[in-house]
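The structure appears below as structure tokens.
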Amino acid sequence: MRKAVYAGGFDPPTNGHLWMIEEGARLFDELVVAIGINPDKKYTFSLDERVDMLRRSTRQFPNVKIDSFENEFLVNYASSVNARYILRGLRTGGDYEYERGMRHINSDINPKIVTPFFIPPRELIEVSSSFVKGLVGPNRWEEVVKGYVPRSVYNSFLVKFRGLQKRWNALWERIDADGSGEDAYNELVSLYGETQRAYHNFVHIAHVLRELDGARNLIENPEQVEVALWYHDAVYNTREKGNEEKSAELAEQRLSKAGLKPQFIDGVIALILSTEHQAMPQGSDEKHLVDIDLSILGKSQKEFDEYERDIRDEYAWVADEQFRQERSTILQVFLDRDSIYSTDFFRQKYEKQARRNVERSIAQLRI
């Protein structure tokens, strides 16, 4: 069996790392992605966080295993897991000089270990963990970082570096809420950062807010809709029912405490409850909010497939056969509608691709 090790700090994993992993998984029977721990180095993300990010980012590769090692030469670690290859990436001339020297040293220690070098594609050649971390800070950094890291890593960035806080503060001021909004924001970050969430996390909130921005001129009460989007999945437990009702209750409590008018709060509650997707929404704002929530169905095949893997992750406690049956039933409900989307704007934008994605997913679930 051709077995390889791809090692690094992965603080955090980037799209460059993911490209290397994908190539390694394609070329080798088994690839061990190993986090090397340097006790003298201060890491931004903990070992558990990096393991989780790598696990979520590589779920589509059944022959990839995540591991870690400490205080050991990489070549010796590779030998200890019965790997004959050490996979390394070359982004710069400096990388080549360093890796060439290490390749010779590794050969001196264990000549049976081979070190193949991979050169990433042009669009990833500059991407490194330190590069991505250096992007955090300026206005709208969230939009920039999103393009360089896998979804699970992006979520960790949003949670750890308080992504979208400026947007939340601006919304809090626009609705004339009492206080700073700091406690409410921190609570939302804590809720959406729960480890059992794979899709319904802070990345989902960032996504729906971007969709809102694209349709804002069509919405009658954009502040109500935005508040509802922030809170619509605040409570999310796949083992229990009534998450939307509990999310609405939380929103009511926090908005009442902040001195918002009952009419505004009632509107937010109604919008949140519409995301139960039990019936077609009626009001214009409800239609737009529900379409925003369902916009993931019309994304590219790659993004949709990742969404489906995330949903499976959130229901990992459900047996496979039961999940397939229930998930296909849920998706069929959307497919049986005259149109998945309720508004002209989102129908034109996503309907065709959404139907292709849902049809393909149902077919795979029923195999």
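The selection criterion, being among the polar types (S, T, N, Q) and touching a strand residue (DSSP E or B) at 6+ places or on another chain (Cβ under 7 Å), does not hold for Ser46. Output the residues belonging to region 256-272 that are touching a Leu at 6+ places or on another chain (Cβ under 6 Å) and either under 17 Å from His288 (Cβ atoms) or not in a helix (DSSP H, G or I) (or both). Within region 256-272, Leu271 is the sole residue that qualifies. Exactly one residue among Tyr199, Tyr231 is in contact with an Asp or Glu (Cβ under 8 Å, 6 or more places away or on another chain), more than 14 Å from Glu286 (Cα to Cα), surrounded by 15 or more Cβ atoms within 10 Å (Cβ to Cβ) and not acidic (Asp, Glu), and that residue is Tyr199.
Residues that are among the basic types (Lys, Arg), closer than 22 Å to Asn106 by Cα and in contact (Cβ under 8 Å) with a residue 40 or more places away in the chain number at least 3 in none of the helices (runs of 4 or more DSSP H) confined to region 1-85.
Inspect region 264-285 for any residue being exposed (fewer than 14 other Cβ atoms within 10 Å of the Cβ), in the same structural domain as Val208 (by TED's automatic domain parsing), in contact with a Lys or Arg (Cβ under 9 Å, 6 or more places away or on another chain) and over 30 Å from Ile175 (Cα atoms) and give the result as yes or no. No, region 264-285 contains no residue that is exposed (fewer than 14 other Cβ atoms within 10 Å of the Cβ), in the same structural domain as Val208 (by TED's automatic domain parsing), in contact with a Lys or Arg (Cβ under 9 Å, 6 or more places away or on another chain) and over 30 Å from Ile175 (Cα atoms). Given the structure, is Glu142 out of contact with any helix residue (DSSP H, G or I) (no Cβ under 8 Å at 6 or more places or on another chain), part of a helix (DSSP H, G or I) and on the phi < 0 side of the Ramachandran plot? Judged against the criteria, Glu142 is not a match.
Only residues that are in contact with a helix residue (DSSP H, G or I) (Cβ under 6 Å, 6 or more places away or on another chain), part of a loop (DSSP other than H, G, I, E, B) and under 20 Å from Val225 (Cβ atoms) were counted in region 175-197, giving 2. Being within 24 Å of Ala206 (Cα to Cα), hydrophobic (A, V, I, L, M, F, W, C), touching a Ser or Thr at 6+ places or on another chain (Cβ under 9 Å) and modelled with pLDDT of 90 or more holds for only one residue in Val136, Val145, Val114, Val153, and it is Val153.
The values are calculated or read from the model by the stated rules, or taken from the named source; none is laboratory data. This is a predicted model, so every value here is computed, not measured. When we count neighbours, we look across all protein chains shown, and the Cβ atoms used for this are built from the backbone with ideal geometry, even at glycine.
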